[in-house]
Amino acid sequence: QVQLVESGGGLVQPGGSLTLSCVASGSIFSITIMAWYRQAPGKERELVARVINGGGTNYADTVKGRFTISRDNYKNAVYLQMNSLKPEDTAVYYCNGNINGRRYWGQGTQVTVSS
């Protein structure tokens, strides 16, 4: 059974930074895409950033220039470096991976940006 476990969320002031981590474990044979999504209260879950095999990345327009997604293939891990955080970045952040041909989700980690 494959599991994704996130860490690194918390409370940060506007303008601050946080780094989220997600590690995949279990019987893993292939990972094609790893991504971060977020869901704010009363809103739909949205894609924040994703990284594909080969290193290509995509970002939501709202986070371009502020967030950086990276991947460590040896550790089956994906990271999200978040800088210049804004109150509107407040949400539960979910790790997502396309692993062994299936999509898996982490349990989510809360990020709150507030003074």
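The values are calculated or read from the model by the stated rules, or taken from the named source; none is laboratory data. Quick caveat, the model's predicted, so the values are computed rather than measured. All Cβ positions, even for glycine, are placed from backbone atoms using ideal geometry, and neighbour counts span all protein chains on display. The area values use the complete protein model at the heavy-atom level, side chains included, leaving out ligands, DNA and RNA. Shrake-Rupley method; radii C 1.70, N 1.55, O 1.52, S 1.80 Å.
Key figures for this structure:
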| read-out | value |
| --- | --- |
| Hits in the stretch 43-62 (condition: modelled with pLDDT under 95 and open to solvent by 60 Å² or more (accessible area, probe 1.4 Å)) | Ile52, Asn53, Gly54 |
| Condition broken by Phe29, with the remaining ones in (1) open to solvent by 70 Å² or more (accessible area, probe 1.4 Å); (2) touching a Phe, Trp or Tyr at 6+ places or on another chain (Cβ under 6 Å) satisfied | (2) |
| Among (1) outside any strand (DSSP E or B); (2) touching a residue at least 40 places away in the same chain (Cβ under 8 Å) - the single one Arg38 does not satisfy | (1) |
| Qualifying residue in the stretch 68-91 (condition: among the basic types (Lys, Arg), in contact (Cβ under 8 Å) with a residue 12 or more places away in the chain, within 11 Å of Met34 (Cβ to Cβ) and open to solvent by 10 Å² or more (accessible area, probe 1.4 Å)) | yes |
| Test for Leu4: is it open to solvent by 50 Å² or more (accessible area, probe 1.4 Å) and either in a strand (DSSP E or B) or acidic (Asp, Glu) (or both) | no |
